[in-house]
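Take a look at the structure below.
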Amino acid sequence: MAHPERTVHATQRMQQRGISETMLRLFETFGVARYQKGGAEILEIREEELKQLRKAIDRAGNICVVKGEQDRVVTVMHRNRRIKATQFIA
């Protein structure tokens, strides 16, 4: 997944404030935009969305997604046993 483009200032503030790439991607994916004067926008994740995300993350450890050609999802399943894979893809 490509990282959103950001300024040097934003990179420095992320480091100073302990905000990770993963957190930034969460806001890019699930954030709701509010517009500010001057053309900027503020991304926030609403409380209801946060509750749904927490619930989904708690359940995600038991789930596998099987993808085939052209990144198409073939099936999804609960992981009840070890799944044999030939290699990991970066």
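Dipole size of region 4-49 about its Cα centre, with +1 on Lys/Arg Cβ and -1 on Asp/Glu Cβ: approximately 260 debye, rounded to the nearest 20.
For region 23-33, putting each phi into the Karplus relation 6.51 cos²θ - 1.76 cosθ + 1.60 with θ = phi - 60° gives couplings of 5, 4, 5, 4, 5, 5, 7, 10, x, 9, 8 Hz, in residue order, rounded to whole numbers and with x for Gly and Pro. Amide H to amide H distances under 5 Å link Ile19 with no residue, where only residues 5 or more positions off or on other chains count and H is placed in the peptide plane. Under 5 Å from the amide H of Ile45 lie the amide H atoms of Val32, each residue being 5 or more positions distant or on a separate chain, with H modelled from the backbone and absent for Pro and chain starts. Listed values for region 62-76 are Karplus-derived 3J(HN,Hα) couplings in whole Hz (6.51 cos²θ - 1.76 cosθ + 1.60, θ = phi - 60°), namely 9, 10, 10, 10, 9, 10, x, 4, 6, 6, 7, 6, 8, 7, 10, and x replaces Gly and Pro.
Where a number appears in this text, it was derived from the coordinates with a stated rule and is not lab data. Given the structure is predicted, the values throughout are model-derived calculations rather than measurements. Glycine gets a Cβ as well: all are built from the backbone with ideal geometry, and neighbour counts include every protein chain shown.
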